[in-house]
Structure formats: structure tokens, C-alpha cells
Amino acid sequence: MKTYILATQNRDKIKEFKNKLGAAICLKTLDDYPNIPDVLEDGTTLEENALKKAREINAFTGLPAIADDTGLEVDALDGAPGVYSSRFAGESASYQDNVIKLLNELKGLKMEQRSARFRTSIAFVDSREAWSVHGSVEGFILEHPKGEDGFGYDPVFYYEPLQKTFSELDLDTKNTISHRGKAIDAFIHKLKELNQI
Ligand code: IMP
């Protein structure tokens with residue numbers, strides 16, 4: 001089985017990737033490389049950031065690298081926080097700080113004015129090639145968090161077809177319908193096309 005490195009230490013992302021990719025490939029993560037330098041995410045798009053992370057981690061480890069960058073686009077905020085989703089409430093903001101800022105910015109808006117989407121870009125870089133795939137999902141930002149699971153903005157991201165927030169979904173269900181789940185499906189499809197798995 002071929003070994004790849006997933007360019008993240010985020011436990012929640014690792015869980016979602018392993019849930020879909022676990023059986024097909026051997027997946028290392030940045031936890032296996034504790035001395036690896038941080039990659040500065042200074043791109044202006046999700047795709048740019050994902051490709052940059054994958055390039056730098058491939059160069060450092062020599063392994064085919066997979067990197068994900070995700071953003072939440074809120075229509076009432078002209079697409080913000082987008083590429084700045086992790087730092088919406090400041091450089092060292094927690095998930096909760098970001099959610100509180102988001103809810104404050106949307107205060108007073110009706111449900112139909114609270115439309116949003118998650119977008120994920122997944123990049124692949126090895127010694128021969130670099131490419132990326134994408135996934136997105138539409139939803140609405142609730143006025144109050146709901147549910148226990150997931151991470152980031154999941155407690156306020158309401159997925160209308162199931163009438164639940166992403167935090168009320170189990171891992172398999174979130175991974176079937178989510179931005180990242182769809183991007184991982186496209187990623188597996190492309191690896192198969194290229195005879196990499
Ligand atoms: P990242 O730069 O790809 O790590 O993602 C930016 C921010 O988006 C994270 O800090 C989280 O707050 C949020 N995020 C990423 N993926 C998800 C998800 O699947 N659900 C909810 N929030 C997410």
C-alpha cells in the first residue's frame with residue numbers, strides 16, 4: 001500500500017480523511033513529523049493555500065502530500081470569512097471566538113438572509129505533479145449553536161435537507177454530504193484515474 005502524508009495536525013480533519021481514505025492508502029500526518037516547520041497560509045484563495053501546504057510538506061518529507069484548506073462563505077458578509085475562516089476573530093482565535101463573532105455580525109438577520117457555504121480545496125503534490133480538487137455544501141447560519149459533534153463552525157451550520165446542524169450529524173453522515181467529504185470523493189476518483197490507488 002502506498003504511503004501519503006496529510007499536511008495537517010487537525011484531529012478532526014484527520015478523522016474525516018481516514019474515514020474515507022483509510023482502507024485505500026497508508027496515511028501519515030504531521031504528528032509523525034513533530035519538527036516540521038509551519039507553513040504560512042498567506043494565499044488569497046483556498047486552492048493556493050492547499051497547494052502551498054502540499055508543496056512544502058512534499059519537499060520536507062519526500063512523500064506524496066495531500067493538503068486541505070477550507071473556508072466558510074457567508075452571503076450577507078460578501079463571502080467572508082472565506083480564506084480567513086480560522087482567523088476571523090483574530091490571529092489566535094478559538095473555534096468558539098470565531099463562532100461568536102460570526103453570530104454577532106449576523107444579529108437581526110432572518111433565516112433567508114443567513115445563507116452560507118463551506119468550500120474545501122484538496123491539493124496533491126508529489127515529485128511529478130501538482131493538482132487540486134474541490135467540494136462545497138450549501139447551508140444557513142443559525143442564531144445559536146446546536147449539537148455536540150464536529151468542529152469549527154459546525155454547530156451553527158444548518159443543513160436544510162436533513163434539518164440538522166453539522167454538529168448534530170455523526171461522522172459518516174457529515175462525510176457523505178459535506179464540502180470535505182465531496183472533495184475527498186473527487187480526490188479518490190482522481191487518484192484512481194491516475195492509477196495511484
Ligand atoms: P482550515 O484553514 O482549512 O484549517 O480551516 C479554516 C477554519 O474553517 C477552521 O479553523 C475551522 O474553524 C473552519 N472549518 C474547517 N473545516 C470545517 C468543517 O468541516 N466544519 C466546520 N468548520 C470548519
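What follows is calculated from the coordinates using simple rules that are stated; it is not laboratory data. This one's a predicted model, so the numbers in the text were calculated from it and none came from an experiment. Counting neighbours? That spans all protein chains shown, and the Cβs are built from the backbone with ideal geometry, glycine included.
Would you list which lysines come within 30 Å of Lys146, measuring only between C-alpha atoms, while excluding same-chain residues fewer than 8 positions from it? Reachable lysines: Lys13, Lys15, Lys18, Lys20, Lys101, Lys107, Lys110, Lys164, Lys174, Lys182. Computed extension gain for Ala186 through Glu138, at 0.36 nm per residue and net of the alpha carbon distance, reaches 15.5 nm.
A simple count of charges around Asp42, restricted to other residues whose Cβ falls under 15 Å of its Cβ and scoring Lys, Arg +1 and Asp, Glu -1, yields -3.
Contact order, relative form, for the chain: 19 percent (alpha carbon pairs under 8 Å, 6 or more residues apart, mean separation divided by residue count). Between the DSSP loop rule and a limit of at most 16 other Cβ atoms within 10 Å, which trypsin sites (Lys or Arg not before Pro) in the range 58-143 are left? Those that pass, being in a loop and sparsely packed, are Lys107, Lys110, Arg128. With a cut-off of 15 Å between beta carbons, the residues surrounding Val125 carry a summed charge of 0, where Lys and Arg count +1 and Asp and Glu -1. Potential lengthening of the chain between Lys107 and Leu77 amounts to 9.6 nm, from the contour at 0.36 nm per residue minus the alpha-carbon distance. In a fully extended conformation the segment linking Ala130 and Thr44 would gain 29.1 nm over its present Cα-Cα distance, using 0.36 nm per residue. Taken about its Cα centre, the chain carries a charge dipole of roughly 440 debye when the Cβ of each Lys and Arg holds +1 and the Cβ of each Asp and Glu holds -1. Using just its DSSP H runs of length 4 or more, each adding -39500 (n - 2.57), the chain gives a mean residue ellipticity at 222 nm of -9500 deg cm²/dmol after division by all residues. With θ taken as phi - 60° and the Karplus curve 6.51 cos²θ - 1.76 cosθ + 1.60 applied, the whole-hertz 3J(HN,Hα) list for the range 26-42 is 8, 10, 8, 9, 5, 4, 7, 10, x, 9, 5, x, 5, 9, 6, 8, 10 Hz, x standing for glycine and proline.
Give me the net charge of Gln9's neighbourhood, meaning all other residues with Cβ under 15 Å from the Cβ of Gln9; Lys, Arg count +1, Asp, Glu -1.
On the way: positive: Arg11, Lys13, Lys15, Lys18, Lys28, Lys53; negative: Asp12, Glu16, Asp31, Asp32, Asp38, Glu41, Glu56, Asp68, Asp69.
After counting each charged neighbour, the total is -3.
Structural descriptor for the range 36-90: relative contact order 25 percent, calculated from alpha carbon pairs under 8 angstrom and at least 6 residues apart.
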